[in-house]
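Undergrad: Okay, handing you the structure first.
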Amino acid sequence: KTPAFVDQNLVPLKYYAPSNSWNETAPGRRANAAFVILCRNSDLLRILGSIREIEDRFNRRYNYPYVLLNEVEFTDDFKRRVSVITSAKMEFGLIPHDHWFQPDWIDEDKATQARKKMISQSIIYGGSISYRNMCRFNSGFFFKHDLVKKYRWYWRIEPNVHFHCDINFDPFVYMEEHKKIYGFTITMYEYEETITTLWKHVKDFVDLHPEFVAEDNALDFLSDDGGTTYNLCHFWSNFEIADMNFWRGTAYTAFFDYLESQGGFYYERWGDAPVHSIAAALFASKDQIQFFDEIGYEHHPYTHCPQDEETWRRGMCTCEREQSFDLDSYSCTNKWDKIIGR
Ligand code: GDP
Ligand code: MN
């Protein structure tokens, strides 16, 4: 029985549901792609929010599958709560021990000293081992997981992120058709104390393997002096849409193995963001890297909002263009624009 306070004659219900707006399926081809999410059981509410938003803004029309990974088993309750919010396929995987935990050959005294020093410098996550495990896993292992291996493309999603605009195209197919390997929305400077010796090792690696450096690379995004020093610019990797064949390829495999052998994921606090960014900028050509201006994206405390007015309008964005991190002096996106001649 209709409650008394609902006046059926005021506005017929059908006008509330514009045709095709809530159940349409986007036409066209699909890519061999998945959302890849690393999170903990305790991230449940935050990952529900992220998935709900990417579904509303994109995936309800594209229906790409999800892979969720964790170094401990997801609980039945976690799986039940996450699966119910979308009809897209969802798989839950356990990370193999050696892909996550600190290797035995790491000198624990040296690693402890490094963490103590970073705590005294008040570096964010400076004292955390699990954060280091996470950075190493995202740098060198997620694309080797059994559940992820069958896919070529991934879109990384984190708990508690926001998608501010409708995404009315398929970024995976776009990247495939335009021969892109790495896509980003936000760039910034890294904390120097977390990567003190990283650039030296990058230069050593490039001296050993000059053949991996791409012809029309983006070195100028990373360095203001032709490669002598690192300017700390990187793509913010909590958002990534990328080609895992690049991470699985000869150049990146050798690069990661080299960095791993230096122990810097534990003796310092190398992030997957600078590691991925440096590799993409050096071992791919700059036109293989895609800045997705049209994807409004927020990861606390920063937001990227489309700078093009028409794009912002068409995307029905909830973000404010003037607040976009691109306009902040701590963003490297102006540098990116310059090197690709925008
Ligand atoms: P931040 O964005 O650099 O502040 O780091 P986050 O805390 O957001 O971690 C980055 C990603 O790794 C997120 O997707 C987290 O859910 C995930 N993550 C971080 N630490 C752990 C961990 O110890 N275990 C698992 N399973 N996921 C983690
Ligand atoms: Mn995060």
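The values are calculated or read from the model by the stated rules, or taken from the named source; none is laboratory data. Given the structure is predicted, the values throughout are model-derived calculations rather than measurements. When we count neighbours, we look across all protein chains shown, and the Cβ atoms used for this are built from the backbone with ideal geometry, even at glycine. To get the accessible areas, we keep the full protein, side chains included, count just its heavy atoms, and leave off ligands, DNA and RNA. Shrake-Rupley method; radii C 1.70, N 1.55, O 1.52, S 1.80 Å.
Undergrad: Can you list, by residue number, the Cys in the chain that have no neighbouring cysteine C-beta under 4.7 Å?
TA: If one checks each Cβ against the other cysteines of the chain, CYS39, CYS135 turn up with nothing under 4.7 Å.
Undergrad: Continuing with this model, one more query. Please report how far the C-alpha centroid of segment 87-149 lies from that of segment 233-287, rounded to the nearest whole angstrom.
TA: Each part reduced to its Cα centre gives a spacing of 14 Å.
Undergrad: Taking the square root of 5 times each eigenvalue of the Cα gyration tensor, what semi-axes in Å does the equivalent ellipsoid of the chain have, largest first?
TA: Each semi-axis is √(5λ); the values are 37, 24, 19 Å.
Undergrad: Taking a probe of 1.4 Å, how large is the accessible area per residue of segment 87-144, in Å²?
TA: In whole numbers, segment 87-144 has 53 Å² accessible per residue.
Undergrad: Provide the net charge surrounding VAL67, with neighbours chosen by a C-beta distance below 12 Å and charges set as Lys +1, Arg +1, Asp -1, Glu -1.
TA: +2
Undergrad: Now for a different question. Given the rule -39500 (n - 2.57) for each run of at least 4 DSSP H residues, summed and divided by the residues of the chain, what is its mean residue ellipticity at 222 nm, to the nearest 500 deg cm²/dmol?
TA: Calculated at 222 nm, the ellipticity per residue is -9500 deg cm²/dmol.
Undergrad: Charges on Cβ only, +1 for Lys and Arg, -1 for Asp and Glu, centred on the Cα centroid of the chain; of THR75, TYR182, ILE119, which one is farthest towards the dipole's positive end?
TA: Farthest towards the positive pole: THR75.
Undergrad: Report in % the part of the accessible area of segment 28-339 that belongs to carbon and sulfur, leaving out ligands and nucleic acids; probe 1.4 Å.
TA: Solvent-exposed carbon and sulfur of segment 28-339 make up 50 percent of the total.
Undergrad: Rounding to the nearest 20 debye, state how big the charge dipole of the chain is about its Cα centre with +1 on each Lys and Arg Cβ and -1 on each Asp and Glu Cβ.
TA: 1120 debye
Undergrad: May I ask you to give the solvent-accessible area per residue for segment 193-325, in square angstrom, as obtained with a 1.4 angstrom probe?
TA: Per residue, segment 193-325 has an accessible area of 39 Å².
Undergrad: In a shell of Cβ-Cβ distance under 12 Å around PHE246, excluding PHE246 itself, what net charge do Lys and Arg (+1) and Asp and Glu (-1) give?
TA: Local charge sum for PHE246: +2.
Undergrad: Here is a further query. Reachable lysines from LYS179, Cα under 29 Å, same-chain residues fewer than 8 places away excluded?
TA: LYS89, LYS144, LYS149, LYS150, LYS203, LYS286, LYS335, LYS338
Undergrad: Continuing with this model, one more query. What does the charge add up to near ARG136, with Lys and Arg as +1, Asp and Glu as -1, over the other residues with Cβ less than 15 Å from its Cβ?
TA: After counting each charged neighbour, the total is -3.
Undergrad: Calculate, in nm to one decimal, what HIS300 and ILE129 gain on full extension: separation in residues at 0.36 nm each, minus their alpha carbon distance.
TA: In short, 59.4 nm is gained.
Undergrad: Pop a pseudo-label 7 angstrom from the Cα along the beta-carbon direction at both GLU260 and THR228 and give the gap in nm to one decimal.
TA: Each label point is offset 7 Å from its Cα along the Cβ direction, giving 3.5 nm.
Undergrad: Let me ask something else about it. Could you order the peptides 116-125, 62-71 from most to least packed, using the average number of other C-beta atoms within 10 Å per residue?
TA: The densest-packed peptide leads the list: 62-71, 116-125.
Undergrad: Multiply the residue separation of ASN168 and HIS97 by 0.36 nm, subtract the distance between their alpha-carbon atoms, and state the gained length in nm to one decimal.
TA: In short, 21.7 nm is gained.
Undergrad: Additional query: Relative to the Cα centre, what is the charge dipole magnitude of segment 144-184, using +1 at the beta carbon of each Lys and Arg, -1 at the beta carbon of each Asp and Glu, and rounding to the nearest 20 debye?
TA: Using only the charged Cβ atoms, the result is roughly 320 debye.
Undergrad: Here's a follow-up. Test of understanding: what is the full-extension gain from ASP207 to ARG313, defined as 0.36 nm times their sequence separation minus their Cα-Cα distance?
TA: The ASP207-ARG313 span can extend by a further 33.4 nm.
Undergrad: Run the simple label-point estimate for THR253 and THR197 please: 7 Å along Cα→C-beta, distance reported in nm.
TA: Label-label distance for THR253 and THR197, simple model: 2.7 nm.
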